[in-house]
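*Asks:* I'd like to ask some things about the structure below.
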Ligand SMILES: [Zn+2]
């Protein structure tokens, strides 16, 4: 099932943890609609700008999966409103920083997070889209004693 021209539902529901534990990670129809909006307004503009495959390391988290990985219950991932992007380990020729900078300068979003890594390159990029809350908040997440801490970017 396609969410948009270049994004398939399978790319946002794929989860190694869910697979390992035999957990259902299928979004509700409402959450699929949310993903479609995210695909049109976030994923496609990035995909079209760079013209290379854009890789999603984490998309949907069903209630069951979220409980398993100890995720925050209010996470946008649980509502089909967030994706984590990671170009590392792929030969797309673009960096996570380039993706981050493009989103920050060109798109409307709820939250954009530079996740871990260094000053040169984040480990991954979290971006969420909620048409009712496009506050363009940009955060920096750094790991302190094993826990992610968030500050203004
Ligand atoms: Zn995320």
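Every read-out reported here was derived from the displayed coordinates using simple, explicitly stated rules and does not represent laboratory data. Not measured: the values here are computed from a predicted model. Note: ideal-geometry Cβ built from the backbone for every residue, glycine included; neighbour counts use all protein chains shown.
*Asks:* Beyond 19 Å, what share of the Cα-Cα pairs of segment 2-152 is found? Please give it as a whole percent.
*Replies:* 51
*Asks:* Could you let me know the centre-to-centre spacing of segment 97-112 and segment 1-39, using Cα atoms, in angstrom?
*Replies:* 22
*Asks:* Using Cα pairs under 8 angstrom and six or more residues apart, how large is the relative contact order of the chain, in percent?
*Replies:* Relative CO of the chain lands at 19 percent.
*Asks:* Run the quick spin-label model on residue 64 and residue 14: label points 7 Å from Cα toward the beta carbon, then report their separation in nm to one decimal.
*Replies:* 2.1
*Asks:* Counting other C-beta atoms within 10 Å, which of 61, 47 has the fewest, and how do the rest follow?
*Replies:* 47, 61
*Asks:* With a 10 Å radius around each residue's Cβ, average the other Cβ atoms per peptide and rank 139-150, 108-119, highest first.
*Replies:* Answer by packing, highest mean first, reads 108-119, 139-150.
*Asks:* Of 54, 83, 94, which is the most mobile in a GNM of the chain whose springs link Cα atoms less than 10 angstrom apart?
*Replies:* Per the Cα network of the chain with a 10 Å cutoff, 94 tops the list.
*Asks:* Let me check against my output: what whole-number percent is the relative contact order of segment 38-121, with C-alpha pairs under 8 Å and at least 6 apart?
*Replies:* It comes to 31 percent, rounded to a whole number.
*Asks:* Now for a different question. Rounded to the nearest 500, what is the 222 nm mean residue ellipticity of the chain from helices alone, with -39500 (n - 2.57) per DSSP H run of 4+ residues and division by all residues?
*Replies:* Theoretical 222 nm ellipticity from helices: -8000 deg cm²/dmol.
*Asks:* Once you have the Cα-Cα distance between residue 134 and residue 91, take 0.36 nm times their residue separation minus that, and quote the gain in nm to one decimal.
*Replies:* 12.3 nm
*Asks:* How much length, in nm to one decimal, is gained on full extension between residue 149 and residue 26, taken as 0.36 nm per residue of separation minus their Cα-Cα distance?
*Replies:* Extending this stretch completely gives an extra 41.3 nm.
*Asks:* Gaussian network model of the chain, Cα springs within a sub-10 Å range: biggest mean-square fluctuation belongs to which of 12, 99, 127?
*Replies:* Of 12, 99, 127, the most mobile in the Gaussian network model is 99.
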